[in-house]
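J.: Once you've had a glance at the structure underneath, I'll fire off some questions.
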Amino acid sequence: MTPGREVVLETDRLLLRPWRVAEAVIQRELWTERDPRVPPHRRIDADGHPTVAELEDSIRTDHPSSIGLLAVERKAARDVIGYCGLIDGGRESPREPELAFELLRRSWRQGYATEASWAVLDWARLSGYERLWATVWDWNTASRRVLTKVRFTETERKEVDPTHGTTLLLTRRL
């Protein structure tokens, strides 16, 4: 992949691709479904932000690149169920981004997060990345299971937050 080029990944059941403006409603739904233990800056605030319009603007201004969160679309149903991709985790070097995923509750327990994560890991390896990171709340057992399935291992590093729980730092060599 060339930096700055749009990434589109395909699996048996999924298409991972850049977000479309009309899908801002899906992003908003993800925000509304978040566990109350998630810090407030990652949930809908008291004034209802981010709004669908704000998320639409964000999609419009985000330029497709070789790193970012891709919409996860089920090919058979032709619906978007969440995102998966790489972000600059800011924890290590830019050559070691972070795997991130989040799916709508109605699509949980069907293997989609694992399938999407494998696609991103394959792309990352082919793109020359040697190691990826992931962070997960200690109480998020479903995401911890996905990360275990795609062979991430916990490190000794943890970030303890007395209000929201402990964030675990995981890594995986590609």
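The values are calculated or read from the model by the stated rules, or taken from the named source; none is laboratory data. These numbers were taken from a predicted model, which means no experiment stands behind them. Methodologically, a virtual Cβ is constructed for each residue, glycine included, from the backbone with ideal geometry; neighbour enumeration extends over all protein chains shown. These accessible areas exclude ligands, DNA and RNA; they are computed on the full protein's heavy atoms, side chains included. Shrake-Rupley method; radii C 1.70, N 1.55, O 1.52, S 1.80 Å.
J.: Yes or no: Trp137 among the aromatic types (Phe, Trp, Tyr), within 15 Å of the chain's Cα centre (by Cα) and over 19 Å from Leu70 (Cβ atoms)?
T.: yes
J.: Inside region 29-64, can you point out the residues that are of a type in the set (Asp, Glu), closer than 26 Å to Ala142 by Cβ and more than 18 Å from the chain's Cα centre (by Cα)?
T.: Once the filter is applied, which keeps residues that are of a type in the set (Asp, Glu), closer than 26 Å to Ala142 by Cβ and more than 18 Å from the chain's Cα centre (by Cα), region 29-64 yields only Asp45.
J.: Taking the condition over 24 Å from Thr167 (Cβ atoms), touching a helix residue (DSSP H, G or I) at 6+ places or on another chain (Cβ under 7 Å) and not β-branched (Val, Ile, Thr), does Ala24 pass?
T.: Yes: the conditions hold for Ala24.
J.: Report, ordered by the first and then the second residue, all pairs with beta carbons closer than 8 Å, sequence separation of six or more or different chains, a first member in region 102-121 that is of a type in the set (Phe, Trp, Tyr), and a second member that is at pLDDT 95 or above and assigned to a loop (DSSP other than H, G, I, E, B).
T.: Tyr112/Arg13; Trp118/Thr11; Trp118/Val150
J.: How many residues, within region 7-17, are open to solvent by 30 Å² or more (accessible area, probe 1.4 Å) and either touching a strand residue (DSSP E or B) at 6+ places or on another chain (Cβ under 8 Å) or of a type in the set (Lys, Arg) (or both)?
T.: 4
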